[in-house]
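A short worksheet on the structure shown next.
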Amino acid sequence: MKKDVSASQLDTHLREMTAARVALGRSGSGVPTGASLAFALDHARAREAVWSDMDKTSLREALVFWPLASVRSAAPDRSSYIRRPDLGRKLAPETDLSTLPKEGIVIVIADGLSAMAVNANAVKVVTHLQSLLPEPAGIVLAERGRVAIGDEIGAMVCAKAVVVLIGERPGLSSADSLGAYITWSPEPRLPDSRRNCISNIRDGGLAPEDAANRIATLLRRMEKAQISGVALAGSVAEQLLHKA
Amino acid sequence: MSYSSTIGKTRYSFESLKDLLAKATPERSGDELAGIAAEGPVERLAAQVALADLPLQSFLDTDILGVENDEITELIYSSHDLPAFAPISHMTMGEFREWLLAPTTTSEILNKLQPGLTPEMVAAVSKIMRSQDLIAVAQKCRVVTKFNNTIGLEGRMATRNQPNHPTDDSRGILASAIDGLIMGTGDAVIGVNPATDTVEDYIRIVSLLDRLVEALEIPTQHCCLGHVTVALEAIGRGAPVDLVFQSIAGSQKANEGFGVNLSLLCEAHEAALSLKRGRIGDNVMYFETGQGAALSADAHHGMDQQTMEARAYAVAREFRPLLVNTVVGFIGPEYLFNGKQIMRAGLEDHFCGKLFGLPMGVDVCYTNHTDADQNDMDSLLVSLSAAGVNFVICVPGADDIMLNYQSLSSHDAIFVRETLHKAPAPEFSDWMENKGITDKTGRMRSEPALSGPSLLALTEAAQ
């Protein structure tokens with residue numbers, strides 16, 4: 001016979017089993033004050049991340065070793081960017097990328113839904129990734145950009161592949177999580193099924209250096225297969241099947 | 001047929017009924033994104049005035065969506081019942097609104113009316129109703145469904161216990177489920193949105209939930225909200241499937257985007273029925289919907305997102321579901337910009353679903369890039385409770401760590417029971433009292449009284 005466990009022991013046990021907000025306790029139907037304010041603070045941080053701006057000065061300084069260009073999407077301000085995802089996928093009309101190398105790999109750093117994520121993690125990912133590539137990749141800072149803005153940028157510089165590093169929609173547990181979307185032979189209007197994705201890049205999630213390693217591995221496999229997205233994932237699954 | 005109205009000296013014309021419906025829709029970002037919204041508040045009112053004068057009959061005379069070979073349109077017109085429509089056939093939309101509000105229009109009369117309505121009619125009348133109207137009429141609609149308990153009775157509100165986990169870890173799922181059960185959530189369903197999409201994981205999750213429900217003798221049902229094809233495969237392999245789930249939308253093309261059509265849903269419905277698992281009823285389907293789903297799949301065909309949403313209810317009604325809910329604030333600010341738009345949409349969806357005969361629930365929720373917070377959710381919850389919503393969704397501390405959005409907490413379910421005086425499903429209410437969660441008056445006991453050892457044993461069994 002097991003001993004009866006007290007309510008507090010059960011609470012401890014539940015908390016060990018999941019990162020969800022279990023065993024908060026309650027007063028009537030209210031969440032205890034500490035937990036209630038902690039939730040509100042996490043939400044405030046997430047909201048701040050959505051409306052944050054890319055620190056372009058610091059990013060430019062840190063990325064000065066590589067060919068670099070700055071662009072904007074067709075969304076004129078943050079508010080229209082949030083309302084109109086279609087505008088965030090298109091480049092502003094005056095875009096000039098003539099300073100970038102052609103026919104190589106291009107890295108696009110876009111604020112997405114959390115510039116905070118870009119400010120915190122993008123330089124670490126890019127620096128490590130550049131050290132793993134055979135030739136240095138051109139870099140584009142894209143303000144108010146969604147993932148698909150990389151397709152147009154990639155097409156403009158005839159890129160072999162585009163790596164879009166973008167701020168993910170902030171969750172309550174992490175407001176600074178970066179995503180990486182990698183597409184072989186980018187061109188406008190291609191379906192999302194053509195991309196491969198690595199998410200949750202941040203301290204406490206997937207470390208930026210590990211993410212760079214994974215991106216480099218994916219790029220090598222794409223080069224070999226000359227394809228990306230669901231089709232690439234499929235071919236890998238097949239290979240594994242044959243190995244087994 | 002022309003659609004027009006005159007405001008002052010300005011004449012406003014609308015090129016089709018579809019255009020009129022879009023322009024008459026209360027402000028929302030999704031219709032602006034689609035480029036079909038009114039130019040501003042005066043044109044919107046002009047459209048509403050024109051809509052109010054329109055005979056209901058005109059909704060039967062035209063194919064409003066105007067897309068050839070759409071099986072949802074075919075379903076809507078082939079299932080429409082003219083004798084049931086007869087009592088309102090002479091009315092304009094404005095008269096229909098007043099008739100719905102009249103005290104002489106009772107729950108029984110509204111029940112008989114259901115097959116005589118089309119989704120477009122229901123959506124149209126909601127566009128000229130205030131939030132209070134939507135609550136007052138929905139409150140009169142009663143849709144009761146049964147599987148292992150009874151949901152939708154007057155004066156009651158059920159909850160879905162949603163114990164999601166980012167990697168579908170069995171212990172993680174169990175911890176969140178138990179956390180909710182201790183606070184009395186889960187009479188609508190204990191339902192997991194899986195992060196993975198394999199049939200093996202689906203079977204592991206429903207088997208886990210089945211053991212939980214059995215061990216604690218809970219009079220409820222469980223569900224893994226995987227794709228309907230995965231559910232069919234799991235049923236084929238003998239998994240304990242209570243409810244079959246699917247996301248659905250209001251056009252054939254949008255449903256293709258979800259990888260379903262009516263015949264596949266029919267097959268799944270029959271497979272779920274064949275298991276005969278419901279102890280007191282055979283409502284075996286669970287559907288989720290949400291404004292903007294069709295537009296996001298570029299399958300809205302120029303129709304406003306609220307009318308498209310109502311069309312999804314025609315799909316749902318065909319399969320006599322136990323549960324249907326709109327995931328109202330999940331889709332993001334490009335469809336519903338802020339708390340105000342989410343609240344309005346939540347009340348519209350609930351009203352339209354109920355009037356059309358669905359056991360309607362709402363996932364009262366929002367994402368972090370939308371201008372909304374928990375205060376908005378409180379207001380929507382109170383409104384929905386007044387409207388007699390069949391169920392809402394609860395996650396631990398209102399924070400879904402798998403889907404990364406905020407819904408309601410199990411605490412909010414206690415608020416509904418103790419402040420708004422809505423009890424859970426009767427069978428579940430009895431279970432809570434028997435397990436010592438609540439006292440005889442239905443109030444929470446001060447210490448969680450589900451027995452410690454049995455819960456501990458459960459968590460260990462999941463390892």
Inset, instruction - On a C-alpha basis, how far is the centre of region B:1-60 from the centre of region B:396-429 in Å? Whole number, if you could? - result: 38
Inset, instruction - Let me have the 222 nm mean residue ellipticity of the protein assembly as shown computed from DSSP H runs of 4+ only, each contributing -39500 (n - 2.57), with the sum over all residues rounded to the nearest 500. - result: -13000 deg cm²/dmol
Legend entry - Projected label distance in nm at A:THR127 and B:LYS112, using a 7 Å step from Cα toward the beta-carbon: 7.7
Legend entry - Electrostatic dipole magnitude of region A:56-239 [Cβ: Lys, Arg +1; Asp, Glu -1; Cα centre; debye, to 20]: 280
Legend entry - Ratio Rg/Rh [Cα only; Rh per Kirkwood] for the protein assembly as shown: 0.98
Legend entry - Volume of the Cα convex hull of chain A, divided per residue and given in Å³: 175
Inset, instruction - Note the angle between two axes, namely the Cα long axis of helix B:452-461 and the longest principal axis of the Cα atoms of chain B, as a number of degrees from 0 to 90, rounded to the nearest 10. - result: 80
Inset, instruction - Rank B:ALA297, A:PRO136, B:LEU355 by how far each Cα sits towards the positive end of the charge dipole of the protein assembly as shown (+1 on Lys, Arg Cβ; -1 on Asp, Glu Cβ) and give me just the farthest. - result: A:PRO136
Inset, instruction - Find the centroid of the Cα atoms in region B:223-293 and in region A:18-62, then give the distance between the two in whole Å. - result: 36
Legend entry - Cα centre as origin, Lys/Arg/Asp/Glu Cβ charges: chain B dipole, Debye: 1200
Legend entry - Stokes-Einstein diffusion coefficient of region B:225-305, Kirkwood radius over Cα pairs, 25 °C, 0.890 mPa s, in µm²/s: 182
Legend entry - Where only alpha carbons of region B:24-156 are counted, the Rg and the Dmax (Å): 16.5, 50
Legend entry - Spin-label pair B:THR196/A:GLU16, simplified geometry with 7 Å Cα→Cβ offset, distance in nm: 2.3
Legend entry - Rounded tilt (10° steps) of B:170-182 against the dominant C-alpha axis of chain B: 80
Inset, instruction - Please give the average number of partner chain Cβ atoms lying within 10 Å of the Cβ of each residue in B:393-406, rounded to a whole number. - result: 5
Legend entry - Cut-off 11 Å between beta-carbons: net charge of the residues surrounding A:ARG47, Lys and Arg +1, Asp and Glu -1: -3
Inset, instruction - Could you work out the local net charge near B:PRO163, counting Lys and Arg as +1, Asp and Glu as -1, over the other residues with Cβ closer than 13 Å to its Cβ? - result: -2
Legend entry - Degrees separating the helix A:33-50 axis from the principal Cα axis of chain A, which is the longest one: 10
Inset, instruction - Evaluate the distance, in nm, between pseudo-label points positioned 7 Å from the Cα of B:SER78 and of B:LEU275 along their respective Cα→Cβ axes. - result: 2.8
Legend entry - Cα centre as origin, Lys/Arg/Asp/Glu Cβ charges: region B:83-201 dipole, Debye: 560
Legend entry - Peptides A:62-69, B:234-241, B:358-365, A:123-130 ordered by average Cβ neighbours within 10 Å, highest first: B:358-365, A:123-130, B:234-241, A:62-69
Inset, instruction - Place the peptides B:416-429, B:153-166 in order of packing, highest mean first, counting for every residue the other Cβ atoms within 10 Å and averaging per peptide. - result: B:153-166, B:416-429
Inset, instruction - Using only the Cα atoms of region B:145-453, each taken as one equal point scatterer with no solvent, compute I(q) by the Debye sum, divide by I(0), and report log10 of the ratio at q = 0.13 Å⁻¹. - result: -0.87
Legend entry - A:SER98/A:TRP66 FRET efficiency (R0 22 Å; Cβ-Cβ; nearest 0.05): 0.85
Legend entry - Cβ-Cβ FRET estimate between A:LEU37 and B:SER379, R0 fixed at 25 Å, reported to 0.05: 0.80
Inset, instruction - With no solvent and one equal point scatterer placed on each C-alpha of region B:78-203, evaluate the Debye formula and give log10 I(q)/I(0) for q = 0.09, 0.16 Å⁻¹, two decimals. - result: -0.45, -0.88
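Only the coordinates and a few stated rules stand behind these numbers; no lab work does. Fair warning: this is a prediction, and the values are worked out from it, not measured in the lab. All Cβ positions, even for glycine, are placed from backbone atoms using ideal geometry, and neighbour counts span all protein chains on display.
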